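Reviewing the structure listed below.
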Amino acid sequence: MLLTTFRIDYPILREALSHAPDIEITWERSDLVGDMTHRMLVWVDGPAFGAFETGIEADPTLKPPVQVIEFDDQRLYQLELTAEGRQASVYPTVVETGALLQKAIATTDGWDIRAALPDEESLEQYHDFFRGHGFDIELKQLYEDWKPKHSAQSRFGLTNRQHEVLVAAVDDGYLDIPRSCSLAELGGQFGISSNAASERFRRGAKTLIENTVYPDDTPT
């Protein structure tokens, strides 16, 4: 299986985002209903919901939204794509290739997507789709998933708890700039304090660096 992250200049929600540039959209799920209906659930973060909804009315890829849930400064919207949106959507290719869309975040800079693809042939299908539609794409990461025969501890010297914290730090945005997850939130996932999370993260990061990229000073 191939794991890939990329940024794409994607037309879906582009116009809506232009009306509310401080908004961040996180894809939750998509559903294909029949031959002509494509619905999405997306989380919208930011204060400018009115501007965003005005932008949706002007967005040629979207029909008027159905607001599902409101929580503080975040809302969950159900959106349905227009014919133009369906034509531009890569999601049918996701379904066709058996890929797994793990994460997708949209801002005015484009869509940042992380996906797991079954093989190189499916990766080529994605590239063909994007090139065929004239979408600009920036490949950020591409690597082959591995299924370790041994634990993370034996592979990189990490304890299982250190491995869990390091993975959660990446997934939840603790290492993003700016951070979207605090140490307290990171520790809360594992029932530990922020100080314990910090210690576990630092020890894990030190061990990982020493056993991967740190210079080998062993004499030859």
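Observations
- Scan of segment 23-38 for residues that are surrounded by 13 or more Cβ atoms within 10 Å (Cβ to Cβ) and either closer than 15 Å to T61 by Cα or not aromatic (F, W, Y) (or both), ordered by number: I23, E24, I25, T26, E28, S30, L32, H38
- Among the residues listed as A20, A58, the single one being of a type outside the set (D, E, K, R), loosely packed, with under 15 Cβ neighbours inside 10 Å and outside the structural domain of G173 (by TED's automatic domain parsing): A58
- Filter pass, D35 being touching a residue at least 12 places away in the same chain (Cβ under 8 Å), among the acidic types (D, E) and over 18 Å from L101 (Cα atoms): no
- Only one of the listed residues (I177, I209) is loosely packed, with under 15 Cβ neighbours inside 10 Å and within 22 Å of the chain's Cα centre (by Cα). That residue is I177.
The values are calculated or read from the model by the stated rules, or taken from the named source; none is laboratory data. Owing to the predicted nature of the structure, the values given are computational and were not obtained by experimental measurement. Cβ coordinates were reconstructed from backbone atoms using ideal geometry, including for glycine residues, and neighbour counts include every protein chain displayed.
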